[in-house]
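These notes are about the structure you will find just below.
The values are calculated or read from the model by the stated rules, or taken from the named source; none is laboratory data. Nothing here was measured: the structure is a model prediction, and the numbers come from that model. Cβ placement follows ideal geometry from the backbone for every residue including glycine, while neighbour counts extend to all protein chains displayed. Surface accessibility is based on the protein's heavy atoms, side chains included, excluding ligands, DNA and RNA. Shrake-Rupley method; radii C 1.70, N 1.55, O 1.52, S 1.80 Å.
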Amino acid sequence: MSPKVVPPCQAACPIHTDARGYISAIEKGDAEAAIRINRQVNPLPAICGRICPRPCERVCRRGQVDEPIAIAMLKRFAADQTKGLKLLQKPEHLCDENVAIIGGGPAGLAAAHDLALLGYRVTIFDALKKLGGMLVDGIPEFRLPIDVVQEEIDVILSLGVKVKTGLYLGQDFTIEGLLKDFQAVLLAIGSQRSLFPQCKGIELTRIYTAVDFLKQIRRGQRPRLGEHVVIIGGGHTAIDASRTILRLGSREVTIIYRRTLDEMPVDHTELEEAEEEGVKIRYLTTPIEFIGNENGNVKKMRCIEMQLGEFDESGRRSPVPMENSEFELNADTIISAIGYIPEEETLKTTGISVREHSRVVVNESSATNIKNVFACGDVVSGPSSLIEAIASGK
């Protein structure tokens with residue numbers, strides 16, 4: 001028997017979603033069959049249909065003819081058409097073991113979903129009052145409505161998953177304490193600590209991180225913004241922040257990125273939408289100093305132009321400063337979106353081994369150095385996409 005040939009779209013998906021299968025079902029007018037195919041591997045299809053970076057579409061064979069099939073949008077269509085349809089039955093508890101999951105973001109939710117279906121008793125602990133992590137706390141409403149996230153979470157909770165919210169690891173409970181009541185603990189706390197560029201003038205006011213800024217917006221707060229906002233970074237968070245800032249009324253929003261468009265870790269459709277809305281983008285640019293006014297507020301950013309050099313460990317060419325290429329940009333607000341790392345102080349309380357950038361060390365089974373304690377998601381890999389976090393949790 002010849003081995004099954006997997007389509008490129010399915011091979012490129014971190015959870016190997018059968019895109020061909022569910023698109024064929026939609027073509028036949030069977031949205032229920034389409035969403036059932038999705039849910040065989042994906043616990044968050046309605047969310048992925050909206051914000052997945054779509055690695056499947058980048059390798060879609062149709063793109064060799066004209067343009068890729070809209071795989072993610074068709075997933076969203078199937079999910080929206082079957083909203084409210086009960087697709088999963090609460091499983092019997094076939095296993096005696098209790099599992100505690102610390103963190104209710106995409107990785108933790110995916111793990112809880114699969115463990116519950118396998119018959120384990122699962123409890124999620126989260127510091128926030130609601131589950132969802134960055135899905136509810138860091139992605140703008142116009143991209144991901146909160147009710148869509150809650151509906152997906154409710155499906156997972158309907159499998160018998162228990163929840164304890166508003167509890168902080170290291171303050172309200174410890175891993176050592178959990179192991180007295182649970183046979184396994186999964187750490188899925190993500191990367192919540194934002195990084196700032198190492199520039200002179202970083203102490204000036206009106207310099208924010210993109211994650212903190214987006215969290216404030218999601219919580220109904222409104223940080224003070226100026227007319228000229230500059231965002232440092234080239235990922236999805238930078239794009240989300242730029243489009244949010246325009247909606248808040250700033251006149252000019254500019255993203256600066258130290259590499260070129262080809263290296264930018266963002267979906268190009270999202271980038272095009274941001275540019276259509278008025279976001280400006282300067283490539284091969286990096287900040288070297290923030291300049292303030294007499295009141296201590298930032299007013300300008302001194303930058304330097306870059307050129308690409310040798311390839312680094314990320315597989316991309318390293319940006320190298322160009323001599324005599326400094327220039328200034330008006331910037332009465334600066335947003336940093338250059339990276340995130342796990343909360344170092346929180347991890348120190350656990351005794352779990354970490355490596356550079358405070359990432360948790362695990363083996364091939366996702367086990368940490370502490371017996372019966374595992375880890376997944378961004379706390380292990382560093383910042384990743386939604387679908388990669390789901391895959392890690394699974």
Quiz item: Can you name the residue in the stretch 180-230 that is open to solvent by less than 30 Å² (accessible area, probe 1.4 Å), small (Gly, Ala, Ser) and outside any helix (DSSP H, G or I) and is also nearest to residue 252 (Cα to Cα) among such residues?
Solution: 226
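Could you list all residues from the stretch 32-75 that are in contact with a Leu (Cβ under 9 Å, 6 or more places away or on another chain), in contact (Cβ under 8 Å) with a residue 40 or more places away in the chain, in a helix (DSSP H, G or I) and open to solvent by less than 60 Å² (accessible area, probe 1.4 Å)?
Passing the criteria: 34, 35, 39, 47, 48, 50, 51.
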Quiz prompt | Of all residues making up the stretch 148-163, the number that are under 16 Å from residue 85 (Cβ atoms) and either outside any loop (DSSP other than H, G, I, E, B) or open to solvent by 20 Å² or more (accessible area, probe 1.4 Å) (or both) | solution = 7
Quiz item: Counting just the residues of the stretch 242-274 that are buried (at least 20 other Cβ atoms within 10 Å of the Cβ) and small (Gly, Ala, Ser), which one comes out nearest to the chain's Cα centre (by Cα)?
Solution: 242
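If you go through the stretch 318-327 one residue at a time, do you hit one that is over 30 Å from residue 358 (Cα atoms) and assigned to a loop (DSSP other than H, G, I, E, B)?
The answer is no, given that none of the residues of the stretch 318-327 is over 30 Å from residue 358 (Cα atoms) and assigned to a loop (DSSP other than H, G, I, E, B).
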Self-check item: Only listed residue being open to solvent by 50 Å² or more (accessible area, probe 1.4 Å) and farther than 24 Å from residue 114 by Cα, chosen from 361, 354
Solution: 354
Quiz prompt | The listed residue being under 23 Å from the mean Cα position of the chain (by Cα), open to solvent by 20 Å² or more (accessible area, probe 1.4 Å) and either touching a residue at least 40 places away in the same chain (Cβ under 8 Å) or farther than 29 Å from residue 10 by Cα (or both), out of 326, 345 | solution = 345
Self-check item: Lone unmet requirement of (1) part of a helix (DSSP H, G or I); (2) under 26 Å from residue 118 (Cα atoms); (3) not hydrophobic (A, V, I, L, M, F, W, C) for residue 20
Solution: (2)
Quiz item: Can you spot a residue in the stretch 280-303 that is out of contact with any Lys or Arg (no Cβ under 7 Å at 6 or more places or on another chain), part of a helix (DSSP H, G or I) and free of Cβ contacts under 8 Å to residues at least 40 places away in the same chain?
Solution: no
